[in-house]
Amino acid sequence: MMSAEPGASMATMRIGILTGGGDCPGLNAVIRAVTRRALDRGDEVVGIMHGWRGLIDGTTKPLGARDISGILPRGGTILRTSRTNPFKVDGGLEATLASLAGLDALVAIGGEDTLGVAARLYAEHDAPVVGVPKTIDNDLSATDYTFGFDTALSIATEAIDRLHSTAESHDRVMVCEVMGRHAGWIALLSGMAGGADVVLIPEQPVTVERCCELIDRRHRRGKDFSIVVVSEGWELRFEGSDAHLVAAPEADAFGHARLGGIGAVLAGEIEQRTGFETRVTQLGHVQRGGSPTAHDRVLATRFGLRAADLVFEGSFGMMASLRGDQIVAVPIADAVAGLKTVPPALYAQAEALFG
Ligand code: F6P
């Protein structure tokens, strides 16, 4: 491991940093932590713009102390982002490897797609990459939490609180659609935190009939309003027929369908089947925008500091990860090997209070 002692003789490094995939609160906190640690050692930091796309088209900018000043509480990413997959772009891999040859290390901050690319570049091309796990969906394996999730959860919980009061005033059913492409972490935990009456997540094959039964039961018990939280990735399912996702037909460079709209379809079904007036709120990208919570700022900063150390040690192919209250290093490949979904036992706990 290289010495970080001021004045000690050591080769300086040229360290690239990129943010890929959907943005999330806390990205700038990671960029700041990595850059400050590296600049303190006398290393050079290069911001790669728009995720992997910046390595393909060579769009970069030097990151100095001024560039990272004041960015800790800011949402989004000063490096911009995109859903570019270099393995799917003509000449993308060659261009990426050529750009990587000009760097001593690359810190890739991303979710399953961005880190999936990082894992392949390391495994197949020995690329000097280090990973940092982000996503509001919290569905990456090999880490207890990703940063960005806590902020999204807080936003969804506040929305559910607000929907409660208007639902009660009007004796309505309110359906709140939240993000979560393959995993229902945001839906389940915001539903628990906000006291939702039904929560529908991708992992649980609950039918529309069962959802309406729970609402009916609640109204028979004397309640005049209900809150339903549905994850965008929950499949519309009726008894005795096949389930299907509500999504736009086009897929992104990683093959993901663009989700959104299940809430409106479900609200129509609930109103028609129960006779209760029903409205829908789709939270969408509001969950990804704005300033990170204190929790996410701290987690993102700790991840960034550990990622910088992994670079200095030459521990490539590794990712900073949260295990309990410790930040540890795990292979990036482990994080993208499978999705971390909501365990049935946790859903069962929430379900005990439905209806
Ligand atoms: O993966 C994070 C996420 O926010 C998902 O929850 C959601 O399905 C997707 O990104 C939306 O992506 P986009 O910003 O491309 O619409």
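The values are calculated or read from the model by the stated rules, or taken from the named source; none is laboratory data. All values reported here derive from a predicted model rather than from experimental measurement. Heads up, the Cβs are rebuilt from the backbone with ideal geometry, glycines too, and the neighbour counts pull from every protein chain shown.
Out of all the residues in the stretch 146-154, is one or more crowded, with 22+ Cβ neighbours inside 10 Å, in a loop (DSSP other than H, G, I, E, B) and in contact (Cβ under 8 Å) with a residue 24 or more places away in the chain?
Yes, that holds for at least one residue.
Which of the residues spanning the stretch 300-355 are within 29 Å of Gln204 (Cα to Cα), hydroxyl-bearing (Ser, Thr, Tyr) and in a helix (DSSP H, G or I)?
The answer is Tyr347, and nothing else.
Among the residues that make up the stretch 199-207, is at least one of them crowded, with 22+ Cβ neighbours inside 10 Å, within 12 Å of the ligand (Cβ to nearest atom) and within 30 Å of Gly21 (Cβ to Cβ)?
yes
(1) of a type in the set (Val, Ile, Thr); (2) within 22 Å of Ala348 (Cα to Cα); (3) more than 15 Å from the ligand (Cβ to nearest atom): which one isn't true of Ile186, the others all being true?
(3)
Would it be correct to say that Glu168 is modelled with pLDDT of 95 or more, more than 19 Å from Ala267 (Cα to Cα) and more than 15 Å from the ligand (Cβ to nearest atom)?
Values: modelled with pLDDT of 95 or more: yes; more than 19 Å from Ala267 (Cα to Cα): no; more than 15 Å from the ligand (Cβ to nearest atom): yes.
Judged against the criteria, Glu168 is not a match.
So if I check each of Ala159, Ala183, Ala167, which one is in contact (Cβ under 8 Å) with a residue 24 or more places away in the chain, part of a loop (DSSP other than H, G, I, E, B), assigned by TED's automatic domain parsing to the domain that holds His256 and more than 10 Å from the chain's Cα centre (by Cα)?
Ala183
With the structure loaded, tell me whether Arg172 is basic (Lys, Arg), touching a Phe, Trp or Tyr at 6+ places or on another chain (Cβ under 9 Å) and assigned by TED's automatic domain parsing to the domain that holds Asp23 or whether it fails that test.
no
Could you please find all residues in the stretch 287-300 being more than 15 Å from the ligand (Cβ to nearest atom) and touching a Phe, Trp or Tyr at 6+ places or on another chain (Cβ under 6 Å)?
Leu299, Ala300
Out of Val328, Val311, I need the residue that is away from the ligand (no atom under 16 Å from the Cβ), crowded, with 21+ Cβ neighbours inside 10 Å and either assigned by TED's automatic domain parsing to the domain that holds Ser82 or closer than 28 Å to Val89 by Cα (or both). Which one?
Step by step, each of Val328, Val311 is checked, and only Val311 is away from the ligand (no atom under 16 Å from the Cβ), crowded, with 21+ Cβ neighbours inside 10 Å and either assigned by TED's automatic domain parsing to the domain that holds Ser82 or closer than 28 Å to Val89 by Cα (or both).
Among the residues that make up the stretch 91-101, is at least one of them surrounded by fewer than 20 Cβ atoms within 10 Å (Cβ to Cβ), charged (D, E, K, R) and not in a loop (DSSP other than H, G, I, E, B)?
The answer is yes, given that some residue of the stretch 91-101 is surrounded by fewer than 20 Cβ atoms within 10 Å (Cβ to Cβ), charged (D, E, K, R) and not in a loop (DSSP other than H, G, I, E, B).
Any chance the stretch 298-306 includes a residue that's of a type outside the set (A, V, I, L, M) and within 30 Å of Met174 (Cβ to Cβ)?
no
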